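The values are calculated or read from the model by the stated rules, or taken from the named source; none is laboratory data. This one's a predicted model, so the numbers in the text were calculated from it and none came from an experiment. Neighbour counts are summed over all protein chains in view; Cβ atoms, including those assigned to glycine, are modelled from backbone coordinates with ideal geometry.
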Amino acid sequence: MPLLTIETTCDETAAAIISKDRRVLSSVVASQDELHARWGGVVPEVASRAHLERIIPVIDEALVKAGIAISDLVAVGVAVSPGLVGSLLVGVSAAKAIAATLNIPLVGYDHIAAHVYACRVAHGDAMQWPCVALVVSGGHTSLFHAISPLELNRLGGTIDDAAGEAFDKAAALLGLGYPGGPLIEKAAVGGRADAFRFPRPLSSDRTRLDMSFSGLKTALRYVVRPVGVDPVPPPPTGQKRADLAASFQEAIVDSILAKLFLAIQHTGAHTLAVGGGVAANKRLRAAIEQFAIQQRIRVLIPPPSLCTDNAAMGAIAWERLEQGSVDGLQLDIHPGTDRTKAYRS
Amino acid sequence: MGSSVTVSITKQIDLERIARILASALPSHAMIALEGDLGAGKTTFTKFLGAAIGIPSNEIVSPTFGLIHIHQGPTQLTHIDAFRLSGVEDLEQLGWDEIISQCGWVIVEWPSRIAVALPDDRLTVLIEVTGETSRRITLFSESSRFDGAIDALLIATHDGRFMETP
């Protein structure tokens, strides 16, 4: 009695088959990183066209890998927010077509809540609500008080660039390419994290759970493209590049940890759930795990394959199905995020 | 016939002053091409412009990922980042025709990526990095519709600088 989930919010086309007990029977992800690498980022028109080409093969492969027929499906779940308009529409249209044809329920879910739910998929009943949830990716950096799988109260988040976007722009400044996160992580190996003292804006502000990464990018820019130096020097190499990457990475990790500390204090939560593509970063994972030991809280971070965009985390659709809450064919997409629930102490 | 003004500033608060002056003098329908290198302060400038009309600055974040953010205020502020666009064909997806026909302010970061789609009737704001805390801000337009905004900044400055006490 499995469920099909579909995810097309950004540049990954993904589908998964999930049983009622939240077991992932199959999970297929087709990434467009290679397509986008030459542009240095996600190109929306390319993204939606590629989704369109890949969505049916990806769903087919998910069914085959799970060893089930499409007629075995009991429902279809699909990410409806947030994301790129054209990309979201491809996934939602496919989900509608399947639900209508098979006459089975259709369930829309939020991509951010699903990133948190990846902890439930990866760690089973060890994942407990309420908890503090951190979602950190190329497009999002937010902290939530997660009351239940479907109820997230935003505590704070970036006021300018997302952490993953900061990695992308730093990688561009260092001449490394795209996507920036894994490339900076690799370049940081052997680098000294204290070689450059980059700013940690808002980190010492204990009155808010917001973060800022824009000034960090600018600080890196001053190092690699010094003001008044003409022509612009080539990107650094060797030890200097490793030191810059390690120091930059450390500034992002420190900024996030400062707010995790405040969020745990503010909510009194005993569980911390982490999701999103940047949670695949090894230095961030290690720092958060160490933080959890110090704070004596339980921390859940999914394996990297469940941190980056995927459809297995769409298992959250089961939560709505079990509440008897389903959507009709008028289900609409919601490209934007709600930033109105900012926290003030 | 259009005009221009250049102001050199040494403090971030002066960028905020420029944004406030602009906010009070911009027409209710305005396309602003915001030029500047990585880290020049384009999103920061947009935050200041939004704050000047009461849009909480927390709400205005980098649109690099979302490509387009629409903020409701006394004047609607549409914030676009063309950094990841490959060209004008991507604009169709964003509902470009609708965006430029609506009332309000439309701010485009990295406008050179979609130059051919930009209306001539626009104000260009160029932020140049001249030091770690200093910037040179240039406003120019081919359209006389922005004379008021450019004049307002000319009047507020002397020889391209703000006086120390406002």
* Could you tell me whether A:R200 is more than 10 Å from chain B (Cβ to nearest Cβ) and surrounded by 13 or more Cβ atoms within 10 Å (Cβ to Cβ)? => yes
* Tell me which of these A:T340 doesn't satisfy, since it passes every other one: (1) surrounded by 14 or more Cβ atoms within 10 Å (Cβ to Cβ); (2) out of contact with any Ser or Thr (no Cβ under 7 Å at 6 or more places or on another chain); (3) at pLDDT below 95; (4) not small (G, A, S). => (1)
* Asked: Looking at (1) of a type in the set (D, E); (2) within 26 Å of B:D151 (Cβ to Cβ); (3) in a helix (DSSP H, G or I), which is the one condition that is false for B:E98?
  -> (2)
* To do: Taking A:G41 as the residue in question, decide whether it is at pLDDT below 95, within 14 Å of chain B (Cβ to nearest Cβ) and assigned to a loop (DSSP other than H, G, I, E, B).
  => yes
* **Where a residue in the range A:50-75 is outside the structural domain of A:S26 (by TED's automatic domain parsing) and farther than 19 Å from A:S31 by Cα and its partner, wherever it lies, is surrounded by fewer than 21 Cβ atoms within 10 Å (Cβ to Cβ) and of a type outside the set (K, R), with Cβ under 7 Å and at least six apart** => none
* Asked: Restricting attention to the range A:264-287, which residues are under 22 Å from A:G181 (Cβ atoms), more than 14 Å from the chain's Cα centre (by Cα) and in contact (Cβ under 8 Å) with a residue 60 or more places away in the chain?
  -> A:L272, A:K282, A:R283
* Asked: In the range B:57-75, what residues are touching a Gly at 6+ places or on another chain (Cβ under 8 Å), within 8 Å of chain A (Cβ to nearest Cβ) and not hydrophobic (A, V, I, L, M, F, W, C)?
  -> B:S57, B:E59, B:T64, B:G66, B:H69
* To do: Take A:S214 and decide whether it is touching a residue at least 24 places away in the same chain (Cβ under 8 Å), among the hydroxyl-bearing types (S, T, Y) and buried (at least 20 other Cβ atoms within 10 Å of the Cβ).
  => yes
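For residues that are in a loop (DSSP other than H, G, I, E, B) and more than 8 Å from chain A (Cβ to nearest Cβ), scanning just the range B:76-94, find the one that is surrounded by the most Cβ atoms within 10 Å (Cβ to Cβ). Walk me through it before giving the result.
To start, the set of residues in the range B:76-94 that are in a loop (DSSP other than H, G, I, E, B) comprises B:76, B:82-87.
Cutting the leftovers down to more than 8 Å from chain A (Cβ to nearest Cβ) gives us B:76, B:82, B:87.
On the way: B:Q76: 17, B:A82: 26, B:G87: 14.
Only one residue tops the list, namely B:A82.
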* Asked: For the range A:101-116, which residues satisfy the criterion of being β-branched (V, I, T) and part of a loop (DSSP other than H, G, I, E, B)?
  -> A:I104
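Residues are listed down the side, and each one gets a yes or a no for (1) modelled with pLDDT of 95 or more; (2) not in a helix (DSSP H, G or I):
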{"residue": "A:T5", "(1), (2)": "yes, yes"}
{"residue": "A:V29", "(1), (2)": "no, yes"}
{"residue": "A:E53", "(1), (2)": "no, no"}
{"residue": "A:L63", "(1), (2)": "yes, no"}
{"residue": "A:V78", "(1), (2)": "yes, yes"}
{"residue": "A:G86", "(1), (2)": "no, no"}
{"residue": "A:A99", "(1), (2)": "yes, no"}
* To do: Filter the range A:148-181 down to residues that are more than 8 Å from every other protein chain (Cβ to nearest Cβ), over 15 Å from the mean Cα position of the chain (by Cα) and not in a helix (DSSP H, G or I), then give me how many there are.
  => 14
* Can you name every residue in the range A:69-117 that is within 14 Å of another protein chain (Cβ to nearest Cβ), among the aliphatic types (A, V, I, L, M) and either touching a Phe, Trp or Tyr at 6+ places or on another chain (Cβ under 7 Å) or within 15 Å of A:S137 (Cβ to Cβ) (or both)? -> A:L84, A:I112
* Which one of A:R285, A:R241 is outside the structural domain of A:T8 (by TED's automatic domain parsing), in contact with a Pro (Cβ under 8 Å, 6 or more places away or on another chain) and either basic (K, R) or in a strand (DSSP E or B) (or both)? -> A:R241
* Structure fact -> Reported set for the range B:95-118 where residues are surrounded by fewer than 17 Cβ atoms within 10 Å (Cβ to Cβ) and either away from every other protein chain (no Cβ under 14 Å) or in contact (Cβ under 8 Å) with a residue 40 or more places away in the chain (or both) is B:D97, B:S101, B:Q102, B:C103, B:S112, B:A115, B:V116
* Residue within the range B:4-24 that is closer than 20 Å to B:G104 by Cα, more than 13 Å from the chain's Cα centre (by Cα) and at pLDDT 95 or above present -> yes
* Out of (1) without any contact (Cβ under 8 Å) to a residue 40 or more places away in the chain; (2) surrounded by 17 or more Cβ atoms within 10 Å (Cβ to Cβ), what's the single condition that is false for A:P231? -> (2)
* **In the range A:141-174, the residues that are in contact with a strand residue (DSSP E or B) (Cβ under 8 Å, 6 or more places away or on another chain) and over 20 Å from A:H111 (Cβ atoms)** => A:I159
